[in-house]
Amino acid sequence: MGQKVNPVAFRVGVMEGWKSRWYAPKKEFAALLVEDKKIRDYIKKHKEDKEDRKGELSFPGVAKIEIERTRDEVRVIITTARPGLLIGRKGEKIEELQAELQNLTGRRINLKIEEEKNPELVAQLVAEDIGEQLVRRASFRRVIKHAMAKAMEKGAKGVKIQLSGRLGGAEMARCEKQAEGSIPLSTLRAKIDYGFHEAKIAQGHIGIQVWINQGEYSEDDNNGQNAEKSSASKNTKRAYKR
C-alpha cells in the first residue's frame, strides 16, 4: 500500500495539516473547492505574454499554496524559492496577481509570500528543476545524479527519483529509477515529501516523480493537530448531579 499511495495524502490529518483550511455549508462546498483549484492552477500554470519572456511561467519556484477563508476574504499563502520574482519591483507583480485573482474569483484576495530556504529538499521544486533541464536536452542520468547529490548534501535522509517516457529520445517508452538512502513510505512518523512534474520535450511528455525523506516529525511541530484534538482523554470523569 505504501508504494502506491501519495505519501503526502497518506499523512494528511495524522502528521500533516490540510492545504485548504475553511468550512462551508454543503451547498457551497463544491463551488469553493473548484474555486481553490482555479486559484492554484492560475498561480502554478500562468505564463507570460511579453515577447521577451513569452511562454515562461509567470511565478516559477512555487513550492506550496495554502488557502484560508473567512467571511470577508480569501487568504492565499504562497511558499516560494524565488520571492523576489513573485513580488516584482516595488511589489508591482504581487499587486497584479492579487487583482487578477480577485477578477477570477469575484472575492477579496489577501496574498502572503513565504520564502522556502531549502529548495533542494522540496520534492516538487526538485521535480520541476529536473523537468527544466530535460527540456534543455540535458542527459537524464546526469540530471538525476546531480539532483540526488544536492539533496543529500542538504541533509536529506533518502532520495528516490523516477522518470517515465521516451528517455534519451528512444522509440519505446520506459521507466528509469534511482534511489539513495532510506525512503520508508509506510512509516507515518517519517517526513516524506513527494513531487510530480511533466516535462514536455520534442519526443513527448516525460513524467518525473520525486520522493525525499526529510527525517522525522519533531514533537514541537503542529502537524496532526486535528487528529490530536479529536482523540478523547483516557482520564475523563463525568460530573453527576445529586
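Between 122, 76, 126, the distinction of being free of Cβ contacts under 8 Å to residues at least 60 places away in the same chain, surrounded by 14 or more Cβ atoms within 10 Å (Cβ to Cβ) and either assigned by TED's automatic domain parsing to the domain that holds residue 154 or not acidic (Asp, Glu) (or both) belongs to 76 only.
Every condition in (1) surrounded by fewer than 16 Cβ atoms within 10 Å (Cβ to Cβ); (2) more than 21 Å from residue 197 (Cβ to Cβ); (3) at pLDDT 90 or above holds for residue 13 except the one numbered (3).
Out of curiosity, is residue 41 in a helix (DSSP H, G or I), within 14 Å of the chain's Cα centre (by Cα) and of a type outside the set (A, V, I, L, M)? Break it down into steps so the answer makes sense when it comes.
Details: in a helix (DSSP H, G or I): yes; within 14 Å of the chain's Cα centre (by Cα): yes; of a type outside the set (A, V, I, L, M): yes.
Here the answer is yes, as residue 41 does meet what is asked.
Under the condition of being at pLDDT below 90 and more than 19 Å from residue 131 (Cβ to Cβ), the residues counted in the stretch 74-94 number 11.
For the stretch 45-56, the criterion of being buried (at least 17 other Cβ atoms within 10 Å of the Cβ) and not aromatic (Phe, Trp, Tyr) is satisfied by no residue at all. When you check residue 98 against the structure, is it surrounded by 14 or more Cβ atoms within 10 Å (Cβ to Cβ), of a type outside the set (Phe, Trp, Tyr) and assigned by TED's automatic domain parsing to the domain that holds residue 197, yes or no? No, not satisfied. Number of residues in the stretch 28-49 that are modelled with pLDDT under 90 and over 15 Å from residue 88 (Cα atoms) equals 5. The residue list 100, 66, 28 contains one member that is within 29 Å of residue 214 (Cβ to Cβ), of a type outside the set (Ser, Thr, Tyr) and outside any loop (DSSP other than H, G, I, E, B), which is 66. Filtering the stretch 69-96 to residues that are part of a strand (DSSP E or B) and not hydrophobic (A, V, I, L, M, F, W, C) leaves 69, 73, 75, 79, 80.
The values are calculated or read from the model by the stated rules, or taken from the named source; none is laboratory data. Keep in mind that this is a model prediction, so the values were computed, not measured. Note that we place each Cβ from the backbone using ideal geometry, even for glycine, and neighbour counts take in every protein chain shown.
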